[in-house]
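Taking it in order: structure first as structure tokens, then the write-up.
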Amino acid sequence: MSSLRRLLTGASAYLGSVFVGVLFAPVLPDVAVDLFGNDDWRDPLLRLAAVVLVLIACVALYRFQIVRAARRAARIGLALEGLEQREVLVIPVGHRSGYTARAVRTGQRTSTEWLVDSCRPAVLVAVGTPQVTVMRAALREGLEADGVAVEWVELSDGGDPEVAVAEAQSLVVGLLERRGWRDRPSYVDTTGGTVAMSFAMLRVGALLATTCVYVASEIRNREVVPGSQRARAFDPILLTPGQ
């Protein structure tokens with residue numbers, strides 16, 4: 001039942017598209033009646049059959065996209081070279097930092113998906129702002145489906161470097177200390193969010209004396225080239241002297 005529910009939920013994205021929701025779905029029942037109807041009891045059944053056909057087509061297309069994405073991931077590889085398994089992953093959340101469970105992915109992976117696939121954390125600490133709070137539920141749903149616990153930390157202002165650094169230092173490091181995770185093997189990501197949030201992640205990484213990571217990608221025609229993602233792991237203390 002859960003698999004069917006996921007398929008229907010994913011297919012709903014196609015049902016809500018302009019082509020299907022506005023043009024295809026409303027018109028197909030009329031076409032079916034015009035071609036095969038006879039102004040009798042069969043007409044309502046033809047309309048129902050046409051609607052069911054649209055639903056089946058959307059589910060089939062969604063399933064095809066999942067299979068294609070899985071094959072592409074298998075061809076490219078799930079993990080980024082140079083990263084190891086870590087228990088804790090801290091990421092700054094931006095509008096492109098979404099996470100979809102592996103079983104239902106249809107498109108290219110986000111930096112968050114690359115990092116989780118690579119280091120297989122038990123816990124992910126998501127550092128967000130009020131502007132990305134809407135992503136919180138979907139992020140948690142996808143990660144928990146893949147067995148990753150999620151902790152959400154919210155900064156009041158992701159655009160102010162001083163505020164972001166001070167709050168990240170207090171909230172993120174404080175959370176890790178309270179949960180007993182400060183000394184666990186970890187990565188601190190600097191890829192997502194704002195520039196100010198990247199500064200904050202550098203500070204957190206330096207305070208934890210852990211490794212920071214950055215996911216670099218090749219961009220062509222404003223699109224990420226599939227398979228071009230590369231992980232850069234570095235010591236944040238080298239970039240934050242005096243810590």
Could you please let me know if residue 229 is among the polar types (S, T, N, Q) and more than 19 Å from residue 124 (Cα to Cα)? yes
Hey, among the residues in the stretch 95-113 that are touching a residue at least 40 places away in the same chain (Cβ under 8 Å) and surrounded by 22 or more Cβ atoms within 10 Å (Cβ to Cβ), which one's nearest to the chain's Cα centre (by Cα)? 99
Restrict the check to the stretch 215-226 and report whether at least one residue is within 16 Å of residue 96 (Cα to Cα) and in contact with a Cys (Cβ under 8 Å, 6 or more places away or on another chain). no
Given the conditions (1) crowded, with 20+ Cβ neighbours inside 10 Å; (2) more than 17 Å from residue 194 (Cα to Cα), every one holds for residue 128 apart from (2)
For the subset of the stretch 153-174 comprising residues that are in contact with a Lys or Arg (Cβ under 7 Å, 6 or more places away or on another chain) and under 14 Å from residue 193 (Cα atoms), which member is surrounded by the fewest Cβ atoms within 10 Å (Cβ to Cβ)? 165
Subset of the stretch 104-162 (residues that are part of a loop (DSSP other than H, G, I, E, B) and among the charged types (D, E, K, R)): 105, 109, 120, 146, 157, 160
Is it true that residue 183 is assigned by TED's automatic domain parsing to the domain that holds residue 97, among the charged types (D, E, K, R), surrounded by fewer than 21 Cβ atoms within 10 Å (Cβ to Cβ) and farther than 29 Å from residue 104 by Cβ? yes
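The values are calculated or read from the model by the stated rules, or taken from the named source; none is laboratory data. Only a predicted model underlies this, so the values are computations on that prediction, with no experimental measurement involved. Glycine gets a Cβ as well: all are built from the backbone with ideal geometry, and neighbour counts include every protein chain shown.
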